[in-house]
Structures are given as C-alpha cells and as structure tokens.
Amino acid sequence: MIKFKGFIVFGVMVMVMMMDGVLCAAPRPKTPGTDVRVNLETNTLSVAFQGRVLTVAVLQTAEYDNPVIDISGWHPDGEYRVASSETAPVIFIDLFETLPGFKTAVLPVDMGWVTHVRLGHHRDRLRIALDGENLDLPRAEAVRRNDGLVITLNTKTPGTPPKMTAIPVIPAIDQAAPVEKDPVRMKTQARSTSHMIRQSLDDRVDPVTTPDSRLFQDAMVLFDNRQWAMARNKVQQIIHRYPETPYAKKARFLLPDILQEMYANDPAAHYRELTQSFQDVLNRYPESPYRGGALLGLARLHRNMGNHAEALAYYKLARNSSPDSDTLIAGLAMLDMAKIYQTTDRMNQALLLLENLLEATDIQEIRDQTLLEIARIRYEQKFFNESLNLLNQLVSRDRANYFRYPDVSLYTGNNYFQLGRYDRAGKHLLHHYNSVPTKRGKDMILARVGDAFLQAGREKDAARYFQWVVNRYPDTEGAALGWLRLAEQMEKKSDNPLSM
C-alpha cells in the first residue's frame, strides 16, 4: 500500500510538472532582440545582443594618418577575418558570430581615408565595413586585445590587406539563461600574468632592421595572435640562422612560453620537452635579466603537474631573481606560493605570506590579486563579512575589477548566500556563470543560483534554473540537486491543491 501510494504521488508530480512545462521541456525565455545604436558624438557603433554589448569606436590619433578602429566586447579568441573588396574602396572586418538579424547601421566619420563605417548582419557573422574615398587602400593590421581587436590603417604603406588566418573560436557563453549586461565597459589594462617571458621581451623595437630582428618581430606578432606553431617556427629560424645574436637569446627565452601554450591541453605528454626548454635557457644565460620570467614559468609548470615541492623551490628562486623585492615577478611568485599553501591546507601560512606581500608591494595589479586571495581564504575560514568587505574594497577601487577577475562575482555571491542575502547572491552567481563559459563545476554554480532564488521566495525563477541545470548538465552533481529541488517543489504543490 505504501509503495502504491508513493507511485500515485510520483504520478501526480509528473502530471503537474508536465502541466507547468517543467519536465517536458526547458522553458523558452524570450529571445532578446539585437539593439543597434549610432552615437555621432563619440563616433561609436554599438550592438547589444544576448546580454553582451559589442562596440566599434572610431578614434583619431596623432600616430596614424587614418583612424584606429577599436572593437570591444567580443570573444577574446573569436574567429575573425580582414579582407577588402576587389571592385570598391571598402575594407571588411568580419567577426564570426551568429546572432539575431538587424538593419545595417552607418556612422559617417570623414577621418583620413575613411568616410563611413557600416555595421551589418550576415548569417554567420558581423561585418564592419570601412568605406574609403578612393581605391588606394591603406594597409589594415589587426591586433588582439583582451576583449576585442584594434585595427590600424596606414596610408604610408598602401596595399590590399591580406586575408588573415582563421583562429578557432572559443565555446560560446550559454545563451539560454538570462545574461547580465555589464554596467560599465570592461577595460582590462592589467598585464597578462601567464606570459612573463613574453612581457619582459617587450623591448623588441630595434631602430636597425636586420633579418633576425624582423623574424623576432614576426614571432611576437604571431605569439600575440595565438598562432603558436608559426611562432615556434620563427624563433627556431632565428636560433638556427643567427645563433649568436641578441635576438637569438630573446628567441630562446620566448620558446618555452610558446611550447607551454602549444601543449596546454596535455602538458604531461610533453613534460620532458617543456622542462628541457626552460632548463636549457636558464643554463645558457645564468645572468640574464629574463631569468626571472623563465624561473616563474618553470615553477608554474611544476605546479600544474602537481609537483608542489619542486614548484615552491623554483618560485623562491624566481622571487629572489631580482634585488627589488617588489617586482612583478616576485609578487606573482608569492601569489602562486600562497595558492600552493592553500591547496595543501596550510591556510595560515598562505595568509601570512599574502599579508606580507600586501605590505611590500606598490604594484596595483599585485595588490588587487592579493586582496582577492585573502578574500578567498577568509571565505573558506567562514569569515563571510570580512571576505565580502575585501571584495567590496577591490571593486570600489576599480569597478572593472568585477569583470577582470571572475572569482570576484563568484565569492561575492557565495558570501551573500552564506549571509542569507539570497537575492544578491543569485545576481552575482548568475553573472559569474555567464562570464566564465568553460569553467568546471558550472552545474553546481547554476544549481546554487536556483537555491538562492528559492530561498528568496522566487519559486518560479528557481524552478527555471533547476530545469536548466538538469537539461544542460545531465549526470552531474548539479543535475541531481536540480532534480531533487524540482521534486520538492512539486511535492509541495501536491500537498497544497490551492497553489496548483
């Protein structure tokens, strides 16, 4: 009888869920339209779609005869192409992105060669067209940045811009869930901390153009455009053809950074080659100013492989590689050491190291990351208010930090959740979910969004997020929690017929 009753209850739950559209299919939120705007005062075109805003700004600069085209709000690794018309004075910039259609927007600029900028929609791409005054096309050069591209046009070296090598696009952000719009435009000025050797080699401009310097400049451009195999080919040419030149030295230091990126998906399979590339350059140039970056790279390789003892040893060498204790490399080494201490349950040791770093360094990038690490530790130690205050300090100093460091929204949301401020928790966790497209554990983040809204009394919103986690991440811990919460909600409805 008990089993039979349970079967009836389960049947009622299924029927109710089917009626509500919860079990049969994911809810269909209204697809946001594509909003295109032209601002003549700021010389910008913007298109808002799927919770993101892509902006094309036309900037006049003293360094170039023609304007600079600044594209922001796009995928960091998205596929793009620069080409030109064979019959008209037009340069095309194609950003491969599928989005709802919209009417072409036109921005009159009349700067140098460029007379108009058009933003149009094609089936599989956004097309930015630069209309010119004559067929003497300037050379267009594209350089990636964190959230888009910068296109420069130079009439001093006319010529048709070549078609650029297609670069694979990263997985798109999950679009079915609501995506928060950034209240401010994200401008990440902080330097990348993953290519320390590349950064230290930034003094690459040589007034004397030689074959090795040209090869090295080509390698740096390829590196910045994430074309690793081609970059490796360039540095190997320098090493083999010009082994005793200063650029051969720089090429040898750049090679380990290139190899780490090439083998990022499976460093264990190339562990010997990677370590050997670092050891070779460290042994060859023991007094080089680039030594600190190589030591830091080798330490990170060992850390990623789980070799914590070796990693700590190399971090200490990197930390002491410069007489100045507040250098960027020394600060990054201390940050990574603190992360190892956290991984190995030495929280107090990590906290002491971070507090010392905060007192010692004046580099704002390091100070921001140190505050974030301390906030993480205080959260794990259940000091939620203190953790939240540190995160608020970080964002109050620079609003862009909220977007620059994705863990700010994650830990802000988690702190609010633990403090019982569920509406705010859901908002910040949803932002984190939408801003990190490939992160592991997204099933649990989305499930916690549902829990936050459920605790806030927003049961319909909660059911929607639980259903999304069930549909998107089957056979995961988040999906199991989603099914449990959906069943609990249906059981609550069945116990209260008036709510049905």
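Values in this text are rule-based calculations from the coordinates and carry no lab data. Note that the structure is predicted; figures quoted are calculated from it, not measured. All Cβ positions, even for glycine, are placed from backbone atoms using ideal geometry, and neighbour counts span all protein chains on display.
Among 93-100, 266-273, the peptide with the highest mean count of other Cβ atoms within 10 Å heads the list, and the full ranking is 93-100, 266-273. In sequence order, region 261-267 has phi-based couplings of 6, 4, 9, 4, 6, 8, x Hz under the Karplus curve 6.51 cos²θ - 1.76 cosθ + 1.60, θ = phi - 60°, and Gly or Pro positions carry x. For the set Lys427/Lys493; Lys316/Lys427; Lys382/Lys442; Lys103/Lys442; Lys339/Lys382, the pairs lying more than 29 angstrom apart at their alpha carbons are Lys316/Lys427; Lys103/Lys442. Between Phe102 and His121, the built amide H atoms are under 5 Å apart, and every one of these is 5 or more places off in sequence or on another chain.
Would you mind getting me the FRET efficiency between Thr98 and Asp35? Use the beta-carbon distance for r and R0 = 22 Å, nearest 0.05. E(calc), rounded to 0.05, equals 0.85. Applying the Karplus relation 6.51 cos²θ - 1.76 cosθ + 1.60 with θ = phi - 60° to region 407-418 yields 3J(HN,Hα) values of 5, 4, 5, 5, 6, 5, x, 5, 5, 4, 4, 5 Hz, where x marks Gly and Pro.
Sorting the segments 418-425, 213-220 by their residues' average number of neighbouring beta-carbon atoms within 10 angstrom, most packed first, yields 213-220, 418-425. Dipole of region 302-444 computed with +1 at Lys/Arg Cβ and -1 at Asp/Glu Cβ about the Cα centre; of His432, Asn304, Ile374, farthest Cα towards the positive end is His432.
Placing unit charges on each Cβ (+1 for Lys and Arg, -1 for Asp and Glu) gives region 283-433 a dipole about its Cα centre, and among Ala333, Asn401, Gly413 the Cα reaching farthest toward its positive end belongs to Gly413. Rg ratio for region 400-500: its Cα radius of gyration over 2.2 N^0.38 Å, N being its residue count, equals 1.11.
Here the Karplus relation 6.51 cos²θ - 1.76 cosθ + 1.60, evaluated at θ = phi - 60°, turns the backbone of region 132-142 into coupling constants of x, 8, 7, 7, 7, 5, x, 7, 9, 10, 10 Hz, with x for every Gly and Pro. Peptides 338-349, 279-290, 297-308 ranked from most to least packed by the mean count of surrounding Cβ atoms within 10 Å: 297-308, 338-349, 279-290. Put a dot 7 Å past the Cα of Glu355, heading toward its Cβ, do the same for Gln393, and the two dots end up 1.2 nm apart.
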